[in-house]
Amino acid sequence: MYGKIPTGEITVTKAGRLPCNWIIHAVGPRWTGRQTDVELLRIAIKNILNYVCIQNTHIETVAIPALSSGIFQFPLDLCTDTILETILLYFQKKQPTGNLKEIHLVSNEDRTVASFKYAAENVQRKLAHLSPWENAGTIPSSIVMLQIGQGLTLQIVQGCIELQTTDVIVNSGYKYDLKSGPVSQSILKKAGFEMERELDKVKLSSDCKMVLVTKGFKLSCQYVFHMAWELEKKHQILKDAMKSCLEKCLQPDIHSISFPALGTGMIDIEKNTAARIMLDEILAFAKKHMKKTLTVRIVIFPSAVDIYTAFCSEMMKRSIELNLSSNSVVPVPQGTGGEQRSGLKAGSPAINLTGVNVAEMCEAKEWIERLVTSEDRHVIENNHILYLGKKEHDKLSQLQTTSGVSISETVSPLKATLEIRGAQADLIEAVMNIEYMLCEVQEEVARKREKSLSDLLGQWTDQQGKLDDRENSHTYLRYPIPLTQELEDQKKQFEKCGLWVVKVEQIDNNALMAAFQEKKKMMEERTPRALGSQRLFQQVPYQFCNVVCRVGFHRLYSTPHDPVYGAGIHFTKSLKKLAEKVKKTSSTDRLIYVFEAEVLTGSFCQGNNLNISPPPLNPGAFDVHDSVVDSVSNPETIVVFNGMQAVPQYLWTCTQDRTLSQHQMWGQDYSSGLAMDSSPQSWWEVLDGSTV
């Protein structure tokens, strides 16, 4: 290929002095926020794979970077997810004919390496039950559903509108140019030129109606409803178009329809307003046509997290207003159709969760139950509240004004909390916005800790500035392992204390282990006789498990401890004491997460609540102890003040419910290699009968 290379295409040259045979020059898309950007990235990756698998069958290895994530500003996590998904689907569909043995996903930036690693785990889970290429994007990684009356099911999903498999897909464009706008361009490109020709014919014969109808052509739908925007009265147009589209679904061969988040793009309707209008019309239709069986899906582009949050908030608010909060909140496998479980009568309202990660489903179910049963008060407990700055406090102030809630912040030696008070519907919207903000703060803090870890290792090893190039410097592996005799014995100790083990995962983090070994060496040089390490335990809330694997232990991430021995990082030698605390604070059906860590206890002394750092070895001495304990003669609680003195080895997932621990959904987790989470179908028995 000569001259200008189109976006998504490739050209190949020899490698010159580089240590490889060929260079594939791939042109990725410049990020514009449109759905077509994702499709163009997929095309570029598929062209690379076609070359190395089909056109040049001598190639055995290929290295692919995070294409477009640099100067083209493609969002990193969306970029790596798309690349991994494309690769996996490519090889599910095609049997390679060449000699390709390895694909290397490469970057010289730690954050990109970590993003590739997370994407590999997430995409594997998401695509575990998918095989055809055409299904890409039709089954979302998460789906929020609300059953309204006997016939209408409302779904909010993240995905691409042109990839949906409903009977109808709704297109959106300006009245005199229905091919304009990112939604329309994505749909028309996927459907093929036949749709453009039919659309031109329909426009001429329909006297410019608000909603035009064409066939689906190459899309996986029967019909496309083309909504025509005008420049004025956009709110009324959205209302009328929603009503028109839904009424067209009354014909007997239509049972499902997919809408994009209408008006939130180039039309510039505020996202909360668009969500309110769309749900108003859907609910009005459900009330008027109670016998019509229809699935209404609202599809949000994956990178538009704020729009997705707004629509989910609005759905939650409506479920409260319509008195739906007394019904079950249960995870439901996709593809189960109208089957009813958990004691629900057919057609009764419910919020359904779908997922493949058992622990995530447990935590999500409990969080939603707490939220929807809050009448006028909800408390968020998260130590990252301590890291809220002026920007975040300004957002909280704005929330109080716009949502009509009051927010109070409380900080104590044990924990930091936000208390939100207000009407239930307003409360739910405010809580979701605050939780999203805290997730962003948590990620920012974790990245700063990763940077500090790199700097510290650089100082200790005299390689400052070189560590950024070190492979896997901030990646970790967390994977289920078969139970060795040592782990079987440890499992019996857990169960002896009433904690029934459902899964054991090993943690491998090269950067944390390197820092731990350097700290150990320094302690050996200072006090060789006093040096010692022990296998100790720490309970951690689910939301912090990954971040502990990633950046190590910190006071922020553990369950609250009374700082009677000092304001440090608390570990315990006694599983019995840990279990006693669990029984006081956790319900029996909750999952409990306990890290087993190697901890450098070194020289220790009796702790007290005034210790914010280790006390001196002797009064007036400059050298200090390495840790403090509850009892010098028989220590069971050990407190360290430096996270580098501990490295996570295993994560034990437990429950107080023996029946739950023996459920078949955990059976496949004892296998070698990377974790593959349980199928959602295995959740029915476990959660049967649970109600909000």
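Note on LYS451 and VAL624: their simple-model spin labels are 2.5 nm apart, each label 7 Å out from Cα toward Cβ.
Full extension of the chain segment joining GLN150 with LYS492 gains 118.2 nm, where the gain is 0.36 nm per residue of separation less the Cα-Cα distance.
So which of LYS451/LYS521; LYS179/LYS233; LYS218/LYS239 end up more than 27 Å apart, counting from Cα to Cα?
Details: LYS451/LYS521 22 Å; LYS179/LYS233 21 Å; LYS218/LYS239 29 Å.
Long pairs (Cα-Cα over 27 Å): LYS218/LYS239.
Residues whose amide H comes within less than 5 Å of that of ASN171, counting only those at least five positions distant or on another chain, are PHE225, HIS226, MET227 (H built at 1.01 Å from N in the peptide plane).
Assuming R0 = 25 Å, can you tell me the calculated FRET efficiency for the pair ARG526 and LEU610, based on Cβ-Cβ distance, to the nearest 0.05?
After rounding, the FRET efficiency stands at 0.55.
The amide H of HIS255, built 1.01 Å from its N in the peptide plane, has ASP167 as neighbours under 5 Å, considering only residues 5 or more places off or on other chains. Whole-Hz Karplus values for the range 56-61 come out as 10, 6, 8, 6, 10, 9 Hz, taken residue by residue from phi with 6.51 cos²θ - 1.76 cosθ + 1.60 and θ = phi - 60°; glycine and proline positions read x. Derived scalar couplings between HN and Hα for the range 595-611 equal 7, 9, 10, 8, 10, 7, 7, x, 7, 10, 8, 5, x, 8, 6, 8, 6 Hz in order, rounded to whole Hz, by the Karplus curve 6.51 cos²θ - 1.76 cosθ + 1.60 (θ = phi - 60°), x for Gly and Pro.
For a straight C-alpha distance cut-off of 17 angstrom, the lysines reachable from LYS491 (same-chain residues fewer than eight places away being disregarded) are LYS503, LYS573, LYS576, LYS577.
With r defined as the distance between the Cβ atoms of LYS395 and ILE71 and R0 fixed at 30 Å, what FRET efficiency is calculated, to the nearest 0.05?
Numbers: r = 31 Å, r/R0 = 1.02.
For LYS395 and ILE71, the calculated efficiency is 0.45.
For the range 425-434, the Karplus equation 6.51 cos²θ - 1.76 cosθ + 1.60, evaluated at θ = phi - 60°, returns couplings of 5, 5, 4, 4, 4, 5, 4, 5, 5, 5 Hz by residue, with Gly and Pro reported as x.
Any read-out appearing in this document is the output of simple, stated calculations on the displayed coordinates, not a laboratory observation. Computed from a prediction, not measured in an experiment: that's the story for all the values here. We place every Cβ from the backbone using ideal geometry, glycine too, and count neighbours over all the protein chains shown.
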